[in-house]
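First comes the structure, then the notes that go with it.
Computed from the coordinates by the stated procedures, all read-outs in this text should not be read as laboratory data. Here the structure is a predicted model, which is why all the values come from computation and not from measurement. Methodologically, a virtual Cβ is constructed for each residue, glycine included, from the backbone with ideal geometry; neighbour enumeration extends over all protein chains shown.
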Amino acid sequence: MSLFLDVLSQGFLGGFSRASFLLILLCTQPCFAYSIWFEFDRVLEFSEVVAWVRIEGGELRRDINGEICGAAYTAKVLHGIKGAQDGESFDFGNFSGRKIGAQYFVFLRTQNASDLDARPNCQGAKPALRETVEGYGTIELQYGQQSGFQSAVILTSPPYEIPASMPGFQVRGGMVDEELFLGTLEIRSTDFLNWLKSKLRGYLP
């Protein structure tokens, strides 16, 4: 209860919406682990690379002492959305668990100095690009049940902020509040691609 009151008093670091308040009421304590929300508007604006890719290969990168610096993947661009062209390849990291041969939507930015402060020896070992939102910058394509087992993206709130207007199949049990859908959404991959492109028109010159 004290944790709940502390969150209320701090206003979730400066203020939260009615949707966030409802999540506090509905979630059990593990939900508080989601301190970073994947907000599509912000992620699309600040990502340098947004693309639909296929993972062609992967490896663990090590520093000069043989210590592991993280995973690195080689991705081929199937559909470039921002900062990438169809058919090109690039490397990104740093999180393990991505599947070789699987397809993902990726949201990436360039590694910066603060990414390397804790592990300076990894500077030459890590790929230039990393996930814009740690752990959530790669969204896997799956076979969706609601969409007739077509290629689809499945999003759950939290951690994703899902606009209620996003096209897709809202799984029963969710709710809409303040223009956000709280629950699980299944959206066909091509619809998600087109939605991302339409959103980006507001950020690209």
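Details
- Per-residue Cβ neighbour rank within 10 angstrom, fewest leading, Ser89, Ser157: Ser89, Ser157
- Computed over neighbours whose Cβ is under 12 Å from that of Phe169, the net charge equals 0, Lys and Arg +1, Asp and Glu -1.
- Percentage relative contact order, the stretch 36-105, counting C-alpha pairs under 8 Å, at least six apart: 35
- Put in order of Cβ neighbour count within 10 Å, fewest first, the listed residues Arg42, Arg61 become Arg42, Arg61.
- Shape descriptor for the stretch 130-205: Rg over Rh equals 0.97 (Cα atoms; Rh from the Kirkwood inverse mean 1/r).
- Projected area, mean over directions - the stretch 51-120, Cα convex hull, nm²: 5.0
- Taking a sphere under 15 Å around the Cβ of Thr156 and counting the other residues whose Cβ falls inside, with K and R at +1 and D and E at -1, yields a net charge of -3.
- Each peptide in 63-70, 103-110 was scored by the mean count of other Cβ atoms within 10 Å over its residues; highest first, the order is 103-110, 63-70.
- Among Gly97, Gln85, Ala164 the positive-end extreme of the charge dipole of the stretch 70-205 (Cβ point charges): Gln85
- Note, ³J(HN,Hα) from phi for the stretch 135-143, Karplus 6.51, -1.76, 1.60, rounded to Hz, x at Gly and Pro: x, 10, x, 10, 10, 6, 7, 9, 8
- For the stretch 130-163 versus the stretch 69-115, the inter-centroid distance based on Cα atoms is 16 Å.
- Label-to-label distance, nm, for residues given as Ile64 and Arg201 (7 Å Cα→Cβ offset): 5.1
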